[in-house]
Amino acid sequence: MKIHKRANRSSIEYVSPKLLATAIGVSESSLKRWTDEGRLEAERTAGGHRRIAVGEAVRFVRNAGLRVIRPELLGLARASGTSHAQDDRETATERLLAALESDGAAEARSLIVSLYMEGASPGWICDVPIRQALERIGELWEHGAGGIFLEHRATETCLQALGELRLILPAPPGDAPVALGGGSEGEVYVLPSLMAATVVAEAGFEVRNLGADTPTVALLEAIRHYEPQLVWISYSVPPRNPREAVTGLARLADALNGGSLVVGGRGSDGLPLPWSPAVHRIETMSELAAFARGLSAPGGRG
Ligand code: B12
């Protein structure tokens, strides 16, 4: 198993059995036994030593229900002085909110990575702790000048945390179908499209996130270029001109040529979607992940 390339940052791509054993608090001999049994994939160096790709280590830890005690040994985010290994998912929203309120970017990154390592799905991480914590930030601070500052800072922290999460997702197979998408025209919100990219990547797609405020013509151009099986578009606020938006969606659906167009976001609720078997309204990131998995699975339309 590969891990995503870690562009522009120092990276740990492989670890020794000893290091992984220390990181997850088991004996080196247990670890070597698991590699011998094939439960954990190891490669051999030119000198014959075992080495384990960090992506494979992450997969193994999640599947085996183990916990990473020292994430920094695997090059994963770690909060200053604390480990989240003992925490459970029920308090995730509160902990993320505390990190967002106190400018704790490292805490937030560490929390999101630990949740994933402990088995939480990216869809759940987006729909529950991140969405709920941001909802609370919005309620707590409303939109005075200070509130806007906090919302921008909280958004940036969540971007960093999702970026960290994307680094440890399994890389898609070489023949993976492509998915792409972005925020609708005029959309300032950057997180929904990044969330969609994250969950669709975990579902086995090669993804291209075009980001917020993506004009329909740019999406059309990208569709021509990448020939994706799946396109998402996020409406956090209703479009200013709904009729134009629906015409745009119909053009995207036509251009897809057998692929699927997923429309989501708070602002898409009242939007009359063009009738087309290619167009789907999906409300949450967990549902989007399930939909994408259906497409990318063998026998799916992907
Ligand atoms: C951060 C933030 C900002 C930042 C955005 C920074 C950025 N570049 O992203 C800034 C400061 C710029 C901002 C500005 C404004 N904001 Co603001 N903002 C927020 C805040 C706190 C978080 C938004 C966010 O990113 N949430 C995380 C996302 C991912 O959650 P979500 O949108 O709920 O999405 C979930 C689902 O809908 C779904 N989903 C979303 N998209 C998609 C797409 C697909 C394909 C699928 C399948 C699913 C899906 O999955 C997500 C995860 O579960 C919210 C509070 C809140 N309740 O969300 C207010 C909030 C959205 N803002 C609000 C307002 C009023 C504004 C302003 C009008 C303020 C002003 N007076 O200027 C402006 C308008 C900006 C504009 N032009 O649209 C209101 C909206 C009220 C309403 N009913 O419309 C909110 C709800 C705050 C509040 N309680 O009043 N905001």
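Values in this text are rule-based calculations from the coordinates and carry no lab data. Predicted, not measured: the structure shown is a model, and the values here were computed from it. We place every Cβ from the backbone using ideal geometry, glycine too, and count neighbours over all the protein chains shown.
Based solely on its DSSP helices, what 222 nm [θ] is calculated for the chain when runs of n ≥ 4 H residues each add -39,500 (n - 2.57) and the sum is averaged over all residues, nearest 500 deg cm²/dmol?
After summing the helix terms and dividing by the residues of the chain, the value is -14500 deg cm²/dmol.
Considering the options 150, 105, 140, tell which one lies farthest towards the positive end of the dipole of segment 89-168, charges being +1 on Lys and Arg and -1 on Asp and Glu at the Cβ, about the Cα centre.
Value: 105.
In whole Hz and in residue order, list the ³J(HN,Hα) couplings for segment 163-174 that follow from phi through the Karplus curve 6.51 cos²θ - 1.76 cosθ + 1.60, θ = phi - 60°; x for Gly and Pro.
x, 5, 5, 4, 5, 9, 6, x, 5, x, x, x
Under the Karplus relation 6.51 cos²θ - 1.76 cosθ + 1.60, θ = phi - 60°, what is the ordered set of whole-Hz ³J(HN,Hα) values for segment 288-297, x standing for Gly and Pro?
4, 4, 5, 4, 5, 5, x, 6, 8, 5
Ranked by Cβ crowding within 10 angstrom, fewest neighbours first, how are 124, 141, 232 ordered?
141, 124, 232
Sort 116, 14, 226 so that the residue with the fewest other Cβ atoms within 10 Å of its own Cβ comes first and the one with the most comes last.
226, 14, 116
Would you grab the residues whose amide H sits under 5 Å from the one on residue 208? Only those 5+ places off in sequence or on another chain, please, with H modelled 1.01 Å from N.
Excluding prolines and chain starts, which carry no amide H, the hits are 179, 180, 181.
If you average the C-alpha positions of segment 150-178 and of segment 29-79 separately, how far apart do those two centres end up, in angstrom?
Using only Cα atoms to place each centre, the spacing works out to 22 Å.
For a test of the definition: using alpha carbon positions, the gyration tensor, and the 1.5 limit on a/c, classify the chain as rounded, prolate or oblate.
oblate
Just to be sure I follow the definition: excluding the sites themselves, where is the longest run in the chain that has none of the trypsin sites (Lys or Arg not before Pro) in a DSSP loop with at most 15 other Cβ atoms within 10 Å?
40-239
Determine the dipole magnitude for the chain: charges of +1 sit on the beta-carbon of Lys and Arg, -1 on that of Asp and Glu, nothing else is charged, the reference point is the Cα centre, and the result goes in debye to the nearest 20.
Using only the charged Cβ atoms, the result is roughly 1000 debye.
Taking +1 at the Cβ of each Lys and Arg and -1 at the Cβ of each Asp and Glu, which of 261, 236, 24 sits farthest along the dipole of the chain towards its positive end, judged by Cα position relative to the Cα centre?
Value computed over the given set: 24.
What is the distance in Å between the Cα centres of segment 204-224 and segment 236-254?
Answer, in whole Å: 15.
Add +1 for every Lys or Arg and -1 for every Asp or Glu among the other residues with Cβ under 11 Å from the Cβ of residue 193, and state the total.
Net local charge, residue 193 excluded: -1.
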